[in-house]
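This report concerns only the one structure given below.
Readers should treat all values here as calculations from the given coordinates under stated rules, not as data from a laboratory. Note that this is a predicted model, so its numbers are computed, not measured. Cβ: placed from backbone, ideal geometry, glycine included. Neighbour counts: every protein chain shown.
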Amino acid sequence: MVYATIATLLAVFYTFFLSMKVGKMRDTHDVQSPAITGNIDFERAFRAHQNTIEQLVIFLPCLWLGAAFIGDLPAGTLGLVWVGGRLLYANAYEAGESRFLGMWVTILPTAALFLAALFGVVQRL
């Protein structure tokens, strides 16, 4: 499962990167912990990070369950698309622009992996 592992590592690394970015924004804009409001740029970075964590919890099980049924390379490829979607989403969020494209580029691979696992299980029953 090399490709699914690569996608997982990139997703986790990107989430960690966003976490570090939030810490830097907290310092830059003097938003003292545990506050999560105060400066709009900090709040956007914080929400992009939080939303990524929320999506990661859904995506990772779907990635690995999907990989079991459609194979490593297709699942890993969908995982890379997911990471790209998160990049689009966070960049748009932090720029104060529409997050619509990034949202869909995140949701569609997750849904495809979920459906692959669901159909795979049903088929084997």
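List of remarks:
- Pairs of Cα atoms in the chain fall into 5 Å distance bins, from 0 up to the last occupied one, in shares of 2, 12, 20, 19, 16, 12, 8, 5, 3, 1, 0, 0 percent.
- Using 0.36 nm per residue and subtracting the Cα-Cα separation, the extra length available between Ser33 and Gln123 on full extension is 27.4 nm.
- Using a simple spin-label model with pseudo-atoms 7 Å out from Cα toward Cβ, Ala111 and Ile58 lie 1.0 nm apart.
- Simple spin-label estimate for Ser98 and Asp72 in nanometres, 7 Å along Cα-Cβ: 4.0 nm
- The charge dipole of the chain, taken about its Cα centre with unit charges on the Cβ of Lys, Arg, Asp and Glu (plus for the first two, minus for the last two), comes to roughly 200 debye.
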